[in-house]
Amino acid sequence: MELQNTVKEALNALYHHPDDAVRMQADRWLQDFQRTIDAWQVADNLLHDASSNQETLIFCSQTLRSKVQRDFEELPSEAFRPLRDSLNTLLKQFHKGPPKVRTQISLAVAALAVHVPADDWGDGGIINWLRDEMNSHPEFIPSFLELLRVLPEEEFNYKIAARPDRRRQFENELASAIETAFNILTACLNINELKEQVLEAFASWLRLRHRIPASTLSSHPLVLAALSSLNSEILSEASVNVISELIHYTAARNSGGVSSQLPLIQVIVPQVMSLKPQLRDPSKDEEDIKAIARLFADMGDAYVELIASGSDESMLIVHALLEVASHPEFDIASMTFNFWHNLQMILTERESYRSFGNEASIEAQKTRSLQVFRSSYESLVSLVTFRVQYPQDYSDLSMEDQKDFKQTRYAVADVLIDAALVLGGEPTLKILYMKLVEAISHCGKDQHSDWRPAEAALYCIRVISDYVSDIEAEVMPQIMSLLPKLPHQPQLLQTVCLTIGAYSRWLNAASSGLSFLPALIDILVSGMSMCEDSAAAAALAFRHICNDCKKKLCGSLDGLFQIYQTAVAGEGPFKVSAEDSLHLVEALSMVITELPSEHAKKALEAVCLPSVAPLQEIINQGPVVLGQKTARELTVHFDRLANIFRYVNHPEAVADAIQRLWPIFKAIFDVRAWDMRTMESLCRACKNAVRTSKRLMGVTIGAMLEEIQGLYGQHHQPCFLYLSSEVIKIFGSDPSCANYLKVLIESLFSNTARLLTKIQDFTSRPDIADDCFLLASRCIRYCPQLFFPSTVFPSLVDCAMVGITVQHREASISILNFLSDIFDLANSTHGESCLSIRDSVIIPRGPTITRILVACLTGALPSSRLETVTYALLALTRAYGLKALEWAKECVSLIPSTAITELERARFLQALSDAASGANMNGLVVPIDEISEVCRRNRTVQEIVQGALRPLDLNIVAVS
């Protein structure tokens with residue numbers, strides 16, 4: 001009684017206390033209470049207590065539902081019957097509400113049925129029990145109908161802590177009871193006020209997709225009731241849900257194919273088609289139209305393969321779907337978009353025509369099929385283009401509404417791409433060009449004329465750029481000649497710039513392309529001066545043009561340099577942000593790549609100068625000033641240099657540049673090694689220089705490695721590790737670098753191992769762990785002959801064993817991948833010679849590693865990491881065969897039988913045994929997933945398993 005009062009007081013505080021801190025404390029207390037074993041009795045008592053208010057009833061019904069779902073195993077077996085009877089009483093007690101409470105009680109009973117086999121339930125299982133209860137107590141039928149509706153929905157509710165075997169058993173129980181369920185629902189059809197509830201429950205059972213003969217369903221009273229209720233205002237939503245489920249049911253994979261479902265399809269389709277006139281009925285409200293549209297969209301999705309045949313009947317559905325696509329409300333029209341995409345896939349993929357035999361027949365049939373749907377996709381293009389037009393009041397819209405508008409544009413873009421794949425890029429372009437011409441005729445030169453239709457047409461033209469031939473000569477020249485005539489309104493100018501960028505390949509390949517470039521580059525310069533959005537679009541377009549037209553632009557380098565320097569200096573009219581200026585850096589770098597070597601060196605020097613000069617100036621002011629600068633004042637220049645080194649593909653020129661710049665880099669390394677942001681930016685520049693120059697870097701690489709090796713011991717910057725990773729990739733197999741790299745590896749890894757000695761270290765520095773083990777994996781791939789014999793290999797394995805269970809996703813995955821790479825060593829080209837060293841380190845640690853991996857599998861890591869853990873465990877088993885099986889048996893035997901059964905244990909070990917014998921890994925995933933699910937089924941079981949395996953308490957020490 002005292003606990004019941006405390007619950008009431010806590011709920012009162014949670015909902016009504018003015019102090020946030022008190023409310024939070026009450027919430028925490030209530031959450032903790034729900035996990036206790038007392039919660040069962042207290043929640044049950046308060047639900048039966050007539051004086052409980054609605055807040056108490058809702059909380060206690062949710063508590064009881066979650067206890068049944070998650071903690072049913074807490075109860076002794078003899079508690080089932082009293083619990084069932086109590087829930088049944090509550091179901092009757094709340095048959096008139098509150099609805100939230102009744103739903104929670106229904107879910108609790110359904111969860112109980114998932115846990116308890118039909119034989120133990122008694123009365124022939126829950127469905128028969130339900131039928132008997134309804135017959136005995138007809139006044140409570142609404143409550144029992146709600147239970148009948150939620151039962152099939154709970155079959156795949158993984159919040160219910162049922163074992164996989166029991167879940168499969170429950171699925172079979174429902175399948176065998178489906179006829180009884182339908183009989184109950186059919187009997188309830190006679191009660192007019194329950195008709196909607198009956199249809200909703202019927203839809204729920206249909207979702208199970210159990211195989212019921214189509215001939216049975218086509219004449220079933222429940223199906224006929226749903227069809228006849230489609231025009232009823234009260235029942236239409238429930239009817240639509242049933243018909244929607246029936247449509248999907250006829251197309252389900254286990255339904256036996258379309259031919260076996262024809263009796264049902266022939267009943268459904270005409271009824272749905274008869275609703276088509278209502279799509280244009282002004283008296284219908286939007287929700288009704290949406291429901292009808294949903295049925296047409298469902299038919300399109302379910303029967304797309306039939307529709308692709310192009311028969312007269314299927315074209316009627318296509319025309320209805322075009323009608324839906326034309327609806328002014330985007331939410332309704334977009335319901336058809338999935339259909340147009342799926343139809344496009346069938347029409348354009350060669351696989352669809354394989355049955356036609358030889359290549360000529362396949363091509364002929366494909367052409368015929370595309371021709372049948374040509375006019376439909378042409379109509380579709382015309383129907384969707386207006387939807388991308390900016391609303392008049394766009395600038396007044398909320399951020400959320402502006403985001404929705406952008407999402408609409410993306411969705412329409414996908415539809416236009418589907419159309420271009422069916423019609424071809426050029427025919428689609430012609431339709432859109434006509435829209436552009438029409439729009440421009442209403443669009444004057446001043447900014448105040450209506451620019452929106454022209455912008456919309458251009459947006460659509462940009463979207464299909466990848467599907468227009470690079471040598472198209474009819475429409476593209478006309479579009480390009482129109483662009484300079486458009487007014488410089490900000491959003492329109494932004495789209496013009498993006499369109500120029502999108503057709504950069506055409507500008508390079510088309511015979512007339514070069515003649516347009518000067519005028520188009522002028523537009524991009526205007527874009528850079530207009531506003532930040534148009535400047536971003538112009539910078540991106542500039543990058544595309546320089547990438548695709550680089551050979552043509554080599555002669556215009558001076559003009560390009562002028563644009564680049566103005567933008568990078570941040571002076572003058574340009575509004576290009578530091579981030580967007582990187583596109584201009586890349587653009588110039590790509591053009592420089594096309595220059596001959598002797599010119600490239602000078603050009604590279606010139607393109608680096610706007611970044612090098614300010615850095616040199618800062619360094620000249622001395623280390624104190626350099627140390628006081630904000631990271632941003634330095635990184636903006638290093639980010640540009642990083643892009644230059646990445647995109648100027650002249651290894652020798654970049655090697656010369658980095659040698660000249662090394663004193664600047666070294667000065668910043670020496671003074672700013674404490675500053676993570678600056679170091680990351682500087683290391684990225686070094687990494688790109690290494691990647692481009694490769695072995696031409698000569699002495700600079702030695703100086704660079706010496707620098708980071710010394711600084712890493714003091715400052716532990718993760719970026720020093722990823723820079724070393726790039727060096728290992730390029731120089732790892734070079735024998736002349738072996739001694740140097742061996743010292744580097746030992747230094748970096750021994751420092752990291754000293755830094756990460758307990759799980760808390762991994763949690764506080766996951767970036768170090770991530771980069772360390774990525775580097776270690778790269779060493780295994782590129783220089784195993786240096787890595788495995790080194791003194792750091794055993795300590796790094798120990799370090800990995802400590803850190804596997806770190807919750808940080810990337811760090812954990814890097815550690816697991818590192819271990820998998822060790823186990824898979826025999827598969828690598830250079831690894832075989834190191835197998836004996838590997839085994840001498842792994843075998844003594846094998847039992848512990850296995851136990852940690854099994855702990856990760858069963859709850860120490862989130863289930864989202866399951867695939868990576870499973871791979872590591874199977875790789876270990878493949879590598880060590882019977883030894884690994886013994887290790888696994890030993891650690892699985894530690895898990896108490898309260899958590900897993902002998903059968904579940906045996907299935908898991910059998911999967912590992914199959915892996916040891918070389919079986920395909922794909923077939924072994926299910927039993928491993930199942931032991932993971934069983935051990936995570938609720939908090940109590942997970943704690944029991946982790947308490948038995950104790951992955952963090954293992955005595956992990958170096959083994960001599």
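The values are calculated or read from the model by the stated rules, or taken from the named source; none is laboratory data. Note that the coordinates shown come from a computational prediction; the quantities given were computed from them, not determined experimentally. Every residue, glycine as well, gets a Cβ built from its backbone with ideal geometry; the counts of neighbours run over all protein chains shown. Just the protein is used for accessible areas: all its heavy atoms, side chains included, with ligands, DNA and RNA removed. Shrake-Rupley method; radii C 1.70, N 1.55, O 1.52, S 1.80 Å.
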Subset of the range 903-935, residues at pLDDT 85 or above, under 32 Å from the mean Cα position of the chain (by Cα), of a type outside the set (Ser, Thr, Tyr) and open to solvent by less than 40 Å² (accessible area, probe 1.4 Å), comes to Glu904, Phe908, Ala911, Leu912, Ala915, Pro927, Ile928, Glu930, Ile931, Val934, Cys935
Just checking, how many residues over the range 466-488 are open to solvent by 20 Å² or more (accessible area, probe 1.4 Å) and either part of a loop (DSSP other than H, G, I, E, B) or more than 20 Å from Ala420 (Cβ to Cβ) (or both)?
-> 10
So which of Lys96, Lys100, Lys92 ends up being under 20 Å from Cys60 (Cα atoms), part of a loop (DSSP other than H, G, I, E, B) and open to solvent by 20 Å² or more (accessible area, probe 1.4 Å)?
-> Lys96
Within the range 718-737, restricting attention to residues that are more than 33 Å from the chain's Cα centre (by Cα) and without any contact (Cβ under 8 Å) to a residue 40 or more places away in the chain, which residue is nearest to Arg684 (Cα to Cα)?
-> Phe731
Pick out the one residue from Glu179, Glu171 that is touching an Asp or Glu at 6+ places or on another chain (Cβ under 6 Å) and surrounded by fewer than 19 Cβ atoms within 10 Å (Cβ to Cβ).
-> Glu171
Expected single match for free of Cβ contacts under 8 Å to residues at least 24 places away in the same chain and not basic (Lys, Arg) among Glu359, Glu323 is Glu359
Given (1) touching a residue at least 12 places away in the same chain (Cβ under 8 Å); (2) open to solvent by 60 Å² or more (accessible area, probe 1.4 Å); (3) assigned to a helix (DSSP H, G or I), index of the condition Tyr712 fails = (2)
Tell me, yes or no, whether the range 582-590 has at least one residue that is within 30 Å of Ser526 (Cβ to Cβ), open to solvent by 20 Å² or more (accessible area, probe 1.4 Å) and free of Cβ contacts under 8 Å to residues at least 40 places away in the same chain.
-> no
Mind checking which pairs have a first residue in the range 559-580 that is open to solvent by less than 60 Å² (accessible area, probe 1.4 Å) and a second that is at pLDDT 85 or above and not in a helix (DSSP H, G or I), Cβ under 6 Å, 6 or more apart or different chains?
-> Thr566/Phe574; Ala567/Phe574; Ala567/Val576
Positions within the range 665-694 being open to solvent by less than 10 Å² (accessible area, probe 1.4 Å), closer than 20 Å to Thr630 by Cα and in a helix (DSSP H, G or I), in sequence order = Phe665, Ile668, Phe669, Arg672, Thr678, Met679, Ser681, Leu682, Cys683, Ala685
Which one of Ile842, Ile822 is surrounded by 15 or more Cβ atoms within 10 Å (Cβ to Cβ) and under 18 Å from Ala769 (Cβ atoms)?
-> Ile822
Does His16 satisfy the criteria of being over 27 Å from Arg937 (Cα atoms) and either acidic (Asp, Glu) or over 40 Å from the mean Cα position of the chain (by Cα) (or both)?
-> no
Positions within the range 97-121 being in contact (Cβ under 8 Å) with a residue 12 or more places away in the chain and either more than 24 Å from Phe170 (Cβ to Cβ) or of a type in the set (Gly, Ala, Ser) (or both), in sequence order = Pro98, Lys100, Val101, Ser106, Ala108, Ala110, Ala111, Ala113, Ala118
If a residue has to be among the basic types (Lys, Arg) and either in contact with a Phe, Trp or Tyr (Cβ under 6 Å, 6 or more places away or on another chain) or over 15 Å from Ala948 (Cα atoms) (or both) to count, how many in the range 832-854 make the cut?
-> 2
Only one of Phe80, Phe94, Phe72 that is in contact with a helix residue (DSSP H, G or I) (Cβ under 8 Å, 6 or more places away or on another chain), under 22 Å from Val198 (Cα atoms) and among the aromatic types (Phe, Trp, Tyr) | Phe94
Six or more apart or on different chains, Cβ under 7 Å: which pairs go from a residue in the range 1-21 that's part of a helix (DSSP H, G or I) to one that's of a type in the set (Phe, Trp, Tyr)? Could you list them?
-> Val7/Phe33; Ala10/Trp29; Leu11/Phe59
Do any helices (runs of 4 or more DSSP H) entirely within the range 179-275 hold 2 or more residues that are more than 17 Å from Asp298 (Cβ to Cβ), and if so, which?
-> 195-206, 214-218, 221-228, 258-273
Qualifying position, being within 17 Å of Pro152 (Cβ to Cβ), at pLDDT 90 or above and not hydroxyl-bearing (Ser, Thr, Tyr), among Asn128, Asn88, Asn135, Asn53 | Asn128
Phe731: modelled with pLDDT of 95 or more and aromatic (Phe, Trp, Tyr), yes or no?
-> no
For Leu145, which of the numbered conditions (1) more than 35 Å from the chain's Cα centre (by Cα); (2) closer than 17 Å to Leu64 by Cα fails to hold?
-> (2)
Report yes if some residue within the range 442-453 is buried (at least 17 other Cβ atoms within 10 Å of the Cβ), in a helix (DSSP H, G or I) and without any contact (Cβ under 8 Å) to a residue 40 or more places away in the chain; otherwise report no.
-> no
Scanning the range 104-142 for residues that are of a type in the set (Val, Ile, Thr) and within 22 Å of Arg70 (Cβ to Cβ), the one nearest to the chain's Cα centre (by Cα) turns out to be Val114
